[in-house]
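Each remark here refers to the structure printed beneath this line.
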Amino acid sequence: MMDDKDWAAFKKKLKAKTEIDLDLYKEPQMKRRIGNLVTRGGFNSFSEYFDSVVKDKDDFAAFIEYLTINVSEFYRTPDKFAQLEKEVIPELMKRSPTLNIWSAGCSIGAEPYTLSMILKELSPNKKHRILASDLDIEILAKAKKGVYVENELKSLSPQRREKYFTKMPEDKYAVKPEIKQNIEFKRHNLLKDPFEKGFDLILCRNVVIYFTEEAKDQLYRNFFASLKPGGILFVGATEAILNFRNMGYTSYKPFFYQHPL
Ligand SMILES: C[S@@+](CC[C@H](N)C(=O)[O-])C[C@H]1O[C@@H](n2cnc3c(N)ncnc32)[C@H](O)[C@@H]1O
């Protein structure tokens, strides 16, 4: 029976196994997404589904991937990335010649690698640092590997594709080592783990879609404390923060929020 008791038992098991706390995600959406799997698989309850899927490593990895939706691409929402590249990063570099950047919820790595390419072109001789984190270990392994299909590169210019990737068989593209060098991949749960401090720029894009309002609020407050004065938070193109002023941010431009200097 897929009732409240069953849902509670499922949440408990999931949390014990993965540290993912579904209480911090929007319940109707999560119930619907997971409920689809339960019904499709012919199970009678969330709990029964969990007990089955947890037995197979690959099935369980696929389940976590489905749950956290890892879709990403290079240079996602090109007009926003163009602003980042042409206005925001050059401005930040005036204050800190070497930047400390965090790509939070980096998924397959397209976001941190895009950043690395931008930094290489804007200041080829400086050693910047990019922290790239995600909750999902499997996806981090893919990110570290850095091998992509054509569709994931569709917003990237042909020049960059040519310059920063090695063409592999089956229309795959591998990121060159020079672009990987300054990226540190790390597992990190944004709803649970402690936050590093001292960032010039934090990207958290298309990650919070299923977080509750309270969880989002706490997250943006934590990011605020992690930014240096003058540092900037860059969010997804549908994720404008309405109460940014209450948290101390000023609006730098749409979808970019600044920790005041
Ligand atoms: C849709 S992808 C976004 C990737 C990239 N930022 C972009 O905009 O293309 C969302 C990522 O957020 C991660 N995620 C979801 N909940 C998380 C949490 N609590 N802590 C860290 N990462 C989380 C997922 O694993 C997934 O890889």
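The values are calculated or read from the model by the stated rules, or taken from the named source; none is laboratory data. Keep in mind that this is a model prediction, so the values were computed, not measured. Reconstructed Cβ throughout: ideal geometry from the backbone, glycine too, with neighbour counts over all protein chains shown.
Observations
- Enumeration of residues in segment 123-139 that are modelled with pLDDT under 95 and crowded, with 19+ Cβ neighbours inside 10 Å: Leu135, Asp136, Ile139
Quick grid of which residues meet (1) at pLDDT below 95; (2) loosely packed, with under 13 Cβ neighbours inside 10 Å; (3) under 13 Å from Pro112 (Cβ atoms):
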site: Thr166; (1), (2), (3): no, yes, no
site: Tyr173; (1), (2), (3): no, no, no
site: Pro194; (1), (2), (3): no, yes, no
site: Asp200; (1), (2), (3): no, no, no
site: Arg205; (1), (2), (3): no, no, yes
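- Within segment 206-221, residues that are part of a loop (DSSP other than H, G, I, E, B) sit with their Cβ atoms under 6 Å from residues that are modelled with pLDDT under 95 and more than 8 Å from the ligand (Cβ to nearest atom), at 6+ positions apart or across chains, in these pairs: Thr212/Lys26.
- Residue within segment 92-114 that is under 16 Å from Gly198 (Cα atoms), among the aliphatic types (A, V, I, L, M), within 16 Å of the ligand (Cβ to nearest atom) and assigned by TED's automatic domain parsing to the domain that holds Phe165 present: yes
- There is at least one residue in segment 129-138 that is part of a helix (DSSP H, G or I), on the phi < 0 side of the Ramachandran plot and within 11 Å of the ligand (Cβ to nearest atom).
- Residue match in segment 148-156 (condition: at pLDDT 95 or above, more than 17 Å from the chain's Cα centre (by Cα) and away from the ligand (no atom under 16 Å from the Cβ)): no
- Note on segment 128-156: residues that are touching a residue at least 40 places away in the same chain (Cβ under 8 Å) and out of contact with any Pro (no Cβ under 6 Å at 6 or more places or on another chain) total 19.
- Wholly enclosed helices (runs of 4 or more DSSP H) of segment 27-71 bearing at least 2 residues within 20 Å of the chain's Cα centre (by Cα): 27-40, 57-68
- Of all residues making up segment 218-236, the number that are of a type in the set (Ser, Thr, Tyr) and closer than 13 Å to Glu196 by Cα: 1
- For segment 78-102, filtering for residues that are more than 20 Å from Arg205 (Cα to Cα) and touching a helix residue (DSSP H, G or I) at 6+ places or on another chain (Cβ under 9 Å) leaves 2.
- When residues of segment 1-50 are limited to those that are among the hydrophobic types (A, V, I, L, M, F, W, C) and free of Cβ contacts under 8 Å to residues at least 24 places away in the same chain, the one surrounded by the fewest Cβ atoms within 10 Å (Cβ to Cβ): Ala16
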